[in-house]
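Chemist: I have a structure here, written as structure tokens, and I will follow up with some questions on it.
Derivation of every value follows stated rules applied to the coordinates shown; laboratory data play no part. It should be emphasised that the depicted structure is a prediction, and the values quoted were computed from it without experimental measurement. Virtual Cβ from ideal backbone geometry, glycine too; neighbours counted across all protein chains shown.
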Amino acid sequence: MEIEQKEQLYEGKAKKVFATNDPDCLIVDYKDDATAFNGVKRGQIAGKGVVNNKMSNYLMGLLEKEGVETHFVKELSERRTLVKNVKIVPIEVIMRNIVAGSLSKRTGLEEGAIPAMPVFEMYYKSDELGDPMINSDHALAFGWATEEELKQIYDTAHKINAILKEFFAGVGVDLVDFKLEFGRYKGRIILADEISPDTCRFWDSKTKEKLDKDRFRRDMGGVEDAYMEMMRRIGLK
Ligand code: UDP
């Protein structure tokens, strides 16, 4: 079936979502708009939409090869991708291999400290509330996910972390932490949203230089160059 883009369903902070003539599929369109601190800081990162689209698709392809089902269907253009139409689980999962960001603030542990094992966290997806941290009891008690879904999300997040950590180590990058979102699709839980320098912390393994959105959040400059450098490391143009 020839895919046709239909009406816009949603415009988020970094992406637009369109319906298609196939009810099982949506088109996401990546923008250059950047926000941080729950929308308080706003700006543009030139070319970011292209980087995030291509990188996310590449990484989802890699995960699919390792048996992780994702929403990725087909890259349509530099900024647009066909994805499965999932119902997003209202939980943001964060996996951490190195202490940084909010974990450092919350615990007083120094950025760069290495936990004894990867740390799995959950946050309730709510812009109004600023994505508060939750635990599995909250998720179950308030009906955000079932016990079976939570177990699958936990196991899949660890598997994804193991795959991505090894992949990035191979291109000289420490995968510090990253955010995942899952969706329900035909009764299954699959990986959705994106995996990009917007949603991951990447540090150069040798110099520990930041190659991700922290350069924007912290006004460090060199934001576009960092995103391009990550593309180069992965071998994408
Ligand atoms: N993250 C994200 N979206 C969010 C919150 C966090 O993509 O709404 C990513 C962020 O880029 C980082 C990781 O999740 O790679 C952990 O973020 P953290 O909890 O340290 O929050 P931050 O310090 O960014 O506020």
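Chemist: Using helices alone, what [θ] at 222 nm do you get for the chain, with -39,500 (n - 2.57) per DSSP H run of 4 or more residues, divided over all residues and rounded to the nearest 500?
Modeler: When only DSSP H runs of four or more count, the value is -9500 deg cm²/dmol.
Chemist: A follow-up question, please. Could you name the lysines whose alpha carbon sits less than 28 Å from that of Lys186, not counting residues in the same chain fewer than 8 places away?
Modeler: Answer for Lys186, where 28 Å is the Cα cut-off: Lys6, Lys13, Lys15, Lys16, Lys54, Lys65, Lys74, Lys84, Lys87, Lys125, Lys151, Lys159, listed by chain and number.
Chemist: Give, as a single signed number, the net charge of other residues whose beta carbon lies under 11 Å from the beta carbon of Val68, with Lys and Arg counted +1 and Asp and Glu -1.
Modeler: Around Val68, the charge tally is -2.
Chemist: Rounding to the nearest 20 debye, state how big the charge dipole of the chain is about its Cα centre with +1 on each Lys and Arg Cβ and -1 on each Asp and Glu Cβ.
Modeler: 380 debye
Chemist: Of the options Gly143, Leu129, Thr156, report the single residue whose Cα projects farthest towards the positive end of the charge dipole of segment 90-174 (beta-carbon charges: Lys, Arg +1; Asp, Glu -1).
Modeler: Going by the charge dipole, the pick is Thr156.
Chemist: Further question on the same structure: Give me the number: length gained by fully extending Lys206 to Asp225, i.e. 0.36 nm times residue separation minus the C-alpha to C-alpha distance, one decimal in nm.
Modeler: Once the chain is fully extended between Lys206 and Asp225, it gains 5.1 nm.
Chemist: Net charge near Ala46, counting Lys/Arg +1 and Asp/Glu -1 over other residues with Cβ under 9 Å of its Cβ?
Modeler: Summing Lys/Arg as +1 and Asp/Glu as -1 gives -1.
Chemist: Okay, next question. Taking a temperature of 20 °C and a viscosity of 1.002 mPa s, what whole-number D in µm²/s does Stokes-Einstein yield for the chain with Rh from Kirkwood over alpha carbon pairs?
Modeler: Estimated via Stokes-Einstein, D reaches 117 µm²/s.
Chemist: Sticking with this one: Taking the Cα centre of each part, how many Å lie between segment 186-237 and segment 52-131?
Modeler: 11 Å
Chemist: Another question, if that's okay. Going by average Cβ neighbours within 10 Å, how do the peptides 187-198, 43-54 rank, with the highest at the top?
Modeler: The most tightly packed comes first, giving 187-198, 43-54.
Chemist: Order 113-119, 218-224, 180-186 from most to least packed using the mean count of other Cβ atoms within 10 Å.
Modeler: 180-186, 218-224, 113-119
Chemist: What is the chain's relative contact order, in percent, from Cα pairs under 8 angstrom and six or more apart in sequence?
Modeler: 17 percent
Chemist: For Gln44 and Ala162 in one chain, what is 0.36 nm times their gap in residues minus the Cα-Cα distance, to one decimal in nm?
Modeler: Separation in residues times 0.36 nm, less the Cα-Cα distance, equals 39.3 nm.
Chemist: Mind running the shape call on segment 113-237? Use the C-alpha gyration tensor, a ≥ b ≥ c as the square roots of the eigenvalues: rounded below 1.5 for a/c, prolate if a/b tops b/c, oblate otherwise.
Modeler: prolate
Chemist: To the nearest 20 debye, what charge dipole does segment 105-184 have about its Cα centre, counting +1 at the Cβ of each Lys and Arg and -1 at the Cβ of each Asp and Glu?
Modeler: Roughly 120 debye for segment 105-184.
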